[in-house]
Structure formats: C-alpha cells, structure tokens
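The values are calculated or read from the model by the stated rules, or taken from the named source; none is laboratory data. Predicted model, so just to flag it, every value in this text is computed and none were measured. Note that we place each Cβ from the backbone using ideal geometry, even for glycine, and neighbour counts take in every protein chain shown. In case anyone asks, the SASA skips ligands and DNA or RNA and just uses the protein heavy atoms, side chains included. Shrake-Rupley method; radii C 1.70, N 1.55, O 1.52, S 1.80 Å.
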Amino acid sequence: MPAPQSLSAPLLGWSVLPEDGLSRNWLNRHRYAVVEAEQLEQLPSDWPSTRLAPKRFADNEGLMPALLDISALKPEQGDQLHALLAQAHLDGEASPVSALLQSQSSPTALLRHLCDVQVYRYHLQTAWLRVFDSRVWVQLPRVLGDKAWNRLFGPISCWSVSLYGAWVETRPSAAGLPGERDTEQRWQAMQRVGAINRALLRSGWLELPAILEKSGLLDQLTLKAQTVHGLGRIEDQVAYAQLGAEYGWGFDEHPIARSALAGFYQESETERADATIVDVLAALDDTQWQTIRRDLATS
C-alpha cells in the first residue's frame, strides 16, 4: 500500500480570506447563508430562513440546517449579521453561520439542490452527507474525485466555509483533483472522514494547507489500520494514523516495531484482553522512536 499524494490549495481553487477580509462588502457578495440547527438560536427568529430537510430525513427536520436568504434581509439586519460574523471571528468563536453561498439561483431551486446533495446513497444504504460541516467539506474533493465534487456546487459559484476560525472560499474545479472513484471507494472513504478529522485535531493541523497536505496520508494510514492490523475502534485507528504521520509511513514495519509486535501476535485473544498493537507500540521508549524516525527518513 503506497503512501498517498497530497492535494494543494491552489490546485483545488480554494483561498483563505485574510484576517481583515471579513468586510460588509465581502458579505454582500453572498446571497445565501447556511445555518446549522444549533446555530439558529443565535439568529433572530424572524429572519427569512427555510429548513434544508430532504424528504428522506423529514422525521429529523429539527436536526437539519436552514437556508438564510441574505438578499431578503433589511439593511439593518444585514448589518447585524455582519457584526455577528465579525465579532465571532475576532473572538475566535464558532461562526453563527457555517457556509456562505454565491448564487443567482432562486431560493426554491437552491433549496432543492442543497437538499439533494445532503443525501448520499450506496446500494441499499442511505447516509446524511454533512456538506455544511466545514470539517467534512474540506475532505470531499479528495474523497469524491473531480466530477462528484463539482456536482455538489450545482448553481453555486462560490461556497465559503468557516474552518477552525478562518473563512475559506471554494469554487468548482477539476484541476489537480483525483479522478472519479467508484461508488464503493467513495463510500468507504466517507466512513473514514471522522477518524481523519480527529487525527488532524489531535495533531494540531487545523490550517487549510496542513489539512490538505496531511489528510490523504491520514486516510491511507486509517485504511491500513483497518485492513492490515484489524483495528476496529476509531480511537485506535486515530492513534495509529498519528504515529504513522509523525514517524513515517512504514513505522510499523521497522525492525524495532516488528520485534515488539511479534510477541503480541503470538498471544492468544484471551491473553491480549482488550490490548491492541497501538498499546504495544505506545510502550516503545523515546530512543526507539528516534531510531525509527531516523532510519525511515534516510531509507
């Protein structure tokens, strides 16, 4: 299993808004905002919003995000929205909206499109694709491939998300993205997004360039944890991925690691109890890890 290639922000057509870029004029370029269910209580109840609730998830409408028509706000309401965004950004707090959209589409047509893209199907299985969660959104170009990624935009020309305190503008682009994956590959990769985001958070890789650079490696390490070592718990997969990202792709194939794991694999399941290879590797000392890192860096 070879180490993966990374994606870069320029190839994706993404850009990070400068610290002083969150101006009223910048907000005015967006006709719509998407507000997660838990964010709605931060906004006045009389603002023109509609729940983005696909028919498939109608029973869970209260958990669904809402589409806010910014163009329908009164001038003073638009000022209030900008003030809320700017204050949250200044304070380092979570944004009161999760996405801002540039589109010429009518509210009805856009609502229909955004409901459709939240429903992800694979054979007889249906899942809620949380496209409005910026941590999920940032993973989708790599997971979906170029065509499926671009289809998410539909009538939207620019989709901006608040990612760990920074506003990131995204646009459709096929340049530099992986080719179209088959449905099973996409489905399996989608299941690993949660583990990748946990590993990114624990490692402190929260800026866009680092996320794009490290996510492919963390994804393949998570897959390796599942298929090669049979790690089923997400916390073990995350720990394994972190070790691989820190010390090198083949860290578990180094003689030091293989020697430690040999004894573990000779034990019966009863003797292992709830221990995993992550527990065994965690017992290696700093000198051993330094040797592993040095040898892999020079190999």
Those lysines that a straight Cα-Cα span of less than 24 Å connects to LYS147, excepting residues fewer than 8 apart in one chain: LYS214
As a check on your grasp of the helix formula, calculate [θ] at 222 nm for the chain: sum -39500 (n - 2.57) over DSSP H runs of n ≥ 4, divide by the residue count, round to the nearest 500. -14000 deg cm²/dmol
Return one whole number: the accessible area per residue of the stretch 94-173 in Å², for a 1.4 Å probe. 38 Å²
Express in whole angstrom the spacing between the alpha-carbon centres of the stretch 23-39 and the stretch 117-151. 21 Å
Whole-number percent relative contact order across the chain, with pairs defined as alpha carbons under 8 Å at least 6 apart: 19 percent
When the charge dipole of the stretch 104-167 is computed with +1 at the Cβ of Lys and Arg and -1 at the Cβ of Asp and Glu, the Cα pointing farthest to the positive end, of LEU152, THR108, TYR164, is that of LEU152
If one compares the long axis through the Cα atoms of helix 208-227 with the longest principal axis of the Cα atoms of the chain, the angle in degrees, nearest 10, works out at 50 degrees
Taking the C-alpha atoms of the stretch 77-124, convex hull volume expressed per residue in Å³: 122 Å³
Over the stretch 1-154, what lengths in whole Å, largest first, do the semi-axes of the equivalent ellipsoid take, defined as the square roots of 5 times the eigenvalues of the alpha-carbon gyration tensor? 27, 22, 14
What's the carbon and sulfur percent of the chain's accessible surface, probe 1.4 angstrom, rounded to a whole number? 49 percent
Column: log10 I(q)/I(0), Debye, Cα scatterers of the chain, q = 0.10 Å⁻¹: -0.63
Check cross-link reach from LYS55 to the aspartates and glutamates: straight Cα distance under 13 Å, and skip same-chain residues fewer than eight apart. ASP116
Please pull out the direction-averaged projected area of the stretch 157-259, using the convex hull of its alpha-carbon atoms, in nm² to one decimal place. 7.9 nm²
